[in-house]
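Everything on this sheet refers to the single structure shown next.
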Amino acid sequence: MVGISPYARIGLTLAFTALLPLSSQAQDAFQSFKQLDTTAKMPKLNAFIAPGTAPQGKKLHEIAIEAKLTANGDAVQDGLSWYVFSSLPGADGKLPLIASSQGGSADFQLAPGDYFVNVSFGRAGVTRKLTVPEDGQVDKQTMVLEAGGLLLNAVSGSDVRIRPDQLSFSIYSAEVREDGERGLVMADVPPNTVVRLNAGTYHIVSEYGDTNASIRADIQVEAGKLTEATIQHKAAQITFKLVSDSGGEAIADTAWSILTAAGDSVGESVSAFPTMVLAEGEYSAVARNKDKIYQRDFKVEAGKNTNVEVLMKDVQPEQPTEAAKTVQVQPDRQPPAGGVSSQSQAPLPSYDQLQSGAGIGDDAD
């Protein structure tokens with residue numbers, strides 16, 4: 001999958017821009033925004049070696065090492081985390097950490113042997129094996145991250161700005177695992193924040209509010225470039241209030257339920273002025289106040305933030321307490337006037353019974 005995925009056909013619009021050619025300007029772009037990086041900014045620490053890991057009597061070699069976003073790019077000057085591990089597992093089965101460094105390029109003092117060197121730049125990272133010989137010099141090592149930056153934002157409708165505190169993004173791998181899920185790369189990413197990632201395609205989930213406004217898209221990150229993507233939400237912010245008259249004051253102590261056209265609940269609140277972000281569509285607002293239920297249908301249009309007033313005259317119709325009883329009527333037999341079925345009357349006596357006096361009830365005259 002390359003570039004923007006077919007999710008666009010469901011109404012998603014991505015303003016996708018690959019900026020800043022591969023040069024020192026690319027490095028500045030990454031540093032001009034707030035970075036999402038779990039590693040705290042520290043002064044450059046070269047040749048920090050874990051105590052007890054340097055072999056006694058062994059000649060140490062100076063190893064200079066740098067990292068680039070792309071093979072033809074400049075060395076990254078800041079934001080790198082370096083870790084050097086022994087290739088031989090320790091008693092606990094893990095590879096011992098030999099040395100580490102924070103900042104840009106690093107210089108390590110290492111004894112002859114084999115090592116694994118890992119460098120990370122935000123969420124981008126690469127590992128390679130390094131062999132230090134017994135004798136001779138070791139050339140400067142260069143590790144290529146093949147990494148870029150991703151900056152996410154979103155609008156409501158065509159161009160309505162969304163407050164940053166109402167937006168969050170989650171970044172997933174593009175590949176779907178056997179269990180049907182995607183690997184989470186980073187959750188709760190704020191808008192307008194550069195995320196450093198390995199080059200590749202990522203699955204982005206944008207959440208607007210906390211109700212049902214969610215959009216998905218696949219976005220490609222290119223090595224050495226800052227990719228900006230603006231996602232278009234088909235949603236709007238709706239404020240509800242129960243009033244006695246149109247334009248009147250909102251009535252307090254009101255419980256709200258918002259239902260879809262299919263009758264599914266998407267949000268609840270107890271407030272005089274509840275505000276919810278809802279995806280485009282048709283809904284019903286149900287307000288409960290002092291054992292009375294009021295209801296109004298409304299429609300949400302993308303980017304049109306509005307108020308929905310529920311009038312106290314919009315009382316929800318009460319359901320009958322008991323279903324109507326049905327009288328079974330035999331074919332070709334209609335019940336007589338008065339609603340009494342002919343089946344409830346005794347059959348008339350025959351001619352012979354009339355002659356003999358048999359079959360006449362005790363109450364006959």
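Among residues other than Gln237 with Cβ under 10 Å from its Cβ, the summed charge is +2 (Lys and Arg +1, Asp and Glu -1).
Computed over neighbours whose Cβ is under 12 Å from that of Asn305, the net charge equals +2, Lys and Arg +1, Asp and Glu -1.
Pairs from the list Lys234/Lys290; Lys59/Lys129; Lys94/Lys225 with a Cα-Cα gap above 27 Å: Lys234/Lys290; Lys94/Lys225.
Per residue, the solvent-accessible area of region 58-132 (1.4 Å probe, heavy atoms of protein chains only, all protein chains present) comes to 43 Å². Taking every C-alpha pair closer than 8 Å and separated by at least 6 residues, the mean separation divided by the residue count of region 182-271 gives a relative contact order of 17 percent.
Coupling constants for region 165-176 follow from the phi torsions by the Karplus curve (6.51 cos²θ - 1.76 cosθ + 1.60, θ = phi - 60°), and in residue order they are 6, 9, 10, 8, 10, 10, 10, 10, 5, 6, 6, 9 Hz; glycine and proline get x. On region 147-233, 41 percent of the accessible area sits on carbon and sulfur atoms, based on a 1.4 Å probe.
Backbone geometry of region 92-99 corresponds, through the Karplus equation with coefficients 6.51, -1.76 and 1.60 at θ = phi - 60°, to 3J(HN,Hα) couplings of 8, x, 9, 6, x, 7, 8, 7 Hz, x marking Gly and Pro. Think of a 1.4 Å ball rolled over the protein heavy atoms: region 185-321 then has 48 Å² of accessible area per residue. Between the beta carbons of Glu301 and Lys140, assuming R0 = 51 Å, the FRET efficiency works out to 0.30 to the nearest 0.05.
A Förster distance of 45 Å, applied to the separation of the beta-carbon atoms of Asp107 and Asp159, puts the FRET efficiency at 0.35. With all projection directions averaged, the alpha carbon convex hull of region 145-273 covers 10.8 nm². Label-to-label distance for Asp74 and Asp114 is 3.7 nm, based on points extended 7 Å past Cα in the beta-carbon direction. Under the convention that each Lys and Arg Cβ holds +1 and each Asp and Glu Cβ holds -1, the size of the dipole of region 208-284 around its Cα centre is about 180 debye.
Accessible surface of region 236-311, 1.4 Å probe: 42 percent of it comes from carbon and sulfur atoms. Taking 0.36 nm per residue of sequence separation and removing the Cα-Cα distance, the Lys313/Ser271 pair yields an extension gain of 13.2 nm. For region 236-311, the relative contact order comes to 41 percent (Cα pairs under 8 Å, sequence separation of at least 6).
Mind ranking 155-167, 180-192 by how tightly packed they are, going by the mean number of other C-beta atoms within 10 angstrom, highest first?
Packing proxy ranking, top to bottom: 155-167, 180-192.
Close amide-amide hydrogen proximity is noted between Val185 and Ile171, Tyr172, Ser173, each under 5 Å apart and 5 or more residues distant or on a separate chain (H modeled in the peptide plane; Pro and chain starts excluded). Only protein atoms count toward the accessible area here, which uses a 1.4 Å probe; on region 47-144, the carbon and sulfur part of that area reaches 49 percent. All Cα-Cα separations within region 98-211 were binned at 5 Å from zero, giving a P(r) of 2, 9, 15, 16, 13, 12, 10, 8, 6, 4, 3, 2, 1, 0, each value a whole percent of the pairs. Residue ranges 78-87, 110-119 sort as 78-87, 110-119 when ordered by packing (mean number of other C-beta atoms within 10 Å per residue, highest first).
Remark on Asp218: its backbone amide H falls under 5 Å from those of Ser5, Tyr7, Ile204, a criterion applied only to residues 5 or more positions apart or on other chains, H modelled at 1.01 Å from N.
Note on region 147-233: antiparallel DSSP beta bridges, both residues inside, total approximately 75 percent of the bridges counted.
The values are calculated or read from the model by the stated rules, or taken from the named source; none is laboratory data. Fair warning: this is a prediction, and the values are worked out from it, not measured in the lab. Because the Cβ atoms are built from the backbone with ideal geometry, glycine has one as well, and the counts that use them run over all protein chains shown. All accessible areas refer to the heavy atoms of the entire protein, side chains included, with ligands and DNA or RNA removed. Shrake-Rupley method; radii C 1.70, N 1.55, O 1.52, S 1.80 Å.
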